[in-house]
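The values are calculated or read from the model by the stated rules, or taken from the named source; none is laboratory data. Keep in mind that this is a model prediction, so the values were computed, not measured. With ideal geometry, Cβ positions are generated from the backbone for all residues, glycine too; neighbour counts draw on all protein chains shown.
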Amino acid sequence: MIAIYLIKAIGLAMSRCIDCKGKGLCGRPICPILRRSREISSLPPLGTSLAGETPPEVLVGHRGYPMIWAGPLIPATERATFDHSALAKMDVGEVVALRSALVRSNTRLGVSEAKNPGRLLSEAQEIAMSSRPVSTEVLFHKPPRGVLRFDGVLSPSGPSGTIHEMEITSNPIIPRKVDQVVEEGAKAFQAASELYSARIDVDHISRLLSLGLLGEKRKLVPTRWSITASDDMVGRTLTEKVLDMPLLSDCLLFSGERLGNHFEILLMPLNYRFEVVEIWMPHSAWSEGEAWIGSDGEGLRGKQGYSSLAGGYYAARLAALEGLLRMGRQAAVLALREIGPSYWAPLGVWVVREAARAAMASLPQRFSTIGEALSAAAARMQTPMRDWRPYAKSLSQPSQTTLAGFL
């Protein structure tokens, strides 16, 4: 559903961009095309060699699958960064500027090469296993070229070039648990669960999965798929734990915002279920003159198939489950995500995760009824409740009777 909408929106936006040429006819506060062109042109001249500390980040593409392009991101300047928690506290323009300084190095690989990696892939895997930046030198066939690309799942990156030679010039810092899990070769779901329990961040887990370091039948996994899969696997692990916890006693409302993504997350004293309502306001990243609203959810049996809201659904669910786990409580969750015009360029699914985490880290409001909580949430949102409430299907679903209801 949302995929079809976005394809149409992108096509319409491209035609308007041709007519606009930066005049601001779309109504956005900043022209994404002009901004990305400015950032790319401000980079120092790039030659056939580049040395720097990869964040660490290795990007595995999806085009041409099962033959794909993959390689580490190397900073063209010292200002490049990867830390999502730090990036989330900046504005969109600052994130675009920092990410545009990351040069994508590429080599052609078959996804099955993860079983018997050659030297280039083996070094890329070492980078993916590291918890700290890794000094890397890359020799390109030609100077990196290209434009800054925006994507709803992946973070932006700058120019790209094909690798001729690559060498790691510092020792990767590999957590003991990562080394252990990679060597054991357990199933990907079990491996992700163990790593997260050992406080390995979900971004790190995604890198390991992407570079073919997790699972029994190892393959390279395109980064956009590994991000969603990691959020989903860790989320399912946390769901199993939350289902064994006692119910919340009152309605709690959490509120927070990062990079133009505003969240109102309502926890209700009911058996676990999860729903997201997304509102893309006019002139936000994927929207033109009209708002778009959509929703998706799951019950006690979990998500059946993948979400129509793509990776953002699993990122928001993970943040909500992390909050429930900290509280030691089970609850029904309604997450309202409102994306405003200040989010003028898509920066990746991590924005959703960090915005939802910011909301769950806030001091909650306590209410005796769901209606009071919804009114408080609506007061902080720009979209009227009458527009988005019909999409919140969980509010009209009957709740399973619990033993506490008879006491």
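Going through (1) without any contact (Cβ under 8 Å) to a residue 40 or more places away in the chain; (2) small (Gly, Ala, Ser); (3) in a loop (DSSP other than H, G, I, E, B) one by one, Ala86 falls short only on (3). Candidates in segment 238-263 are the residues that are touching a strand residue (DSSP E or B) at 6+ places or on another chain (Cβ under 7 Å) and assigned to a loop (DSSP other than H, G, I, E, B); of these, the one that is surrounded by the most Cβ atoms within 10 Å (Cβ to Cβ) is Gly260. Within segment 72-118, the only residue that satisfies the criterion of being among the basic types (Lys, Arg) and either at pLDDT 95 or above or not assigned by TED's automatic domain parsing to the domain that holds Gly152 (or both) is Arg108.
The residues of segment 158-206 that are assigned to a loop (DSSP other than H, G, I, E, B) and either among the aromatic types (Phe, Trp, Tyr) or on the phi > 0 side of the Ramachandran plot (or both), listed by number, are Gly185, Arg199. Arg132 falls short on exactly one of the conditions (1) modelled with pLDDT of 95 or more; (2) outside any helix (DSSP H, G or I); (3) closer than 21 Å to Leu214 by Cβ, and that condition is (1). Being out of contact with any Pro (no Cβ under 9 Å at 6 or more places or on another chain) and of a type in the set (Gly, Ala, Ser), is that true of even one residue in segment 327-335? Checked segment 327-335: at least one residue is out of contact with any Pro (no Cβ under 9 Å at 6 or more places or on another chain) and of a type in the set (Gly, Ala, Ser).
Yes/no per residue for (1) more than 20 Å from Gly348 (Cβ to Cβ); (2) acidic (Asp, Glu); (3) without any contact (Cβ under 8 Å) to a residue 40 or more places away in the chain:
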site: Thr136; (1), (2), (3): yes, no, no
site: Pro144; (1), (2), (3): yes, no, no
site: Ser155; (1), (2), (3): no, no, no
site: Asn171; (1), (2), (3): yes, no, yes
site: Arg176; (1), (2), (3): yes, no, yes
site: Ala186; (1), (2), (3): yes, no, yes
site: Gln190; (1), (2), (3): yes, no, yes
site: Ala198; (1), (2), (3): yes, no, yes
site: Arg207; (1), (2), (3): no, no, no
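A quick yes/no check of all residues on (1) aromatic (Phe, Trp, Tyr); (2) within 23 Å of the chain's Cα centre (by Cα); (3) surrounded by fewer than 22 Cβ atoms within 10 Å (Cβ to Cβ); (4) not in a strand (DSSP E or B):
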residue	(1), (2), (3), (4)
Trp69	yes, yes, yes, no
Leu73	no, yes, no, no
Glu123	no, no, yes, yes
Glu126	no, yes, yes, yes
Val153	no, yes, yes, yes
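Of all residues in segment 214-228, those that are among the aliphatic types (A, V, I, L, M), in contact (Cβ under 8 Å) with a residue 40 or more places away in the chain and either over 11 Å from Leu154 (Cβ atoms) or outside the structural domain of His204 (by TED's automatic domain parsing) (or both) total 2. Of the residues making up segment 89-121, those that are in contact (Cβ under 8 Å) with a residue 60 or more places away in the chain, of a type in the set (Ser, Thr, Tyr) and surrounded by 15 or more Cβ atoms within 10 Å (Cβ to Cβ) are Ser100, Ser105. The residue that is surrounded by the fewest Cβ atoms within 10 Å (Cβ to Cβ), among those in segment 347-358 that are of a type outside the set (Lys, Arg) and under 20 Å from Asp232 (Cβ atoms), is Glu354.
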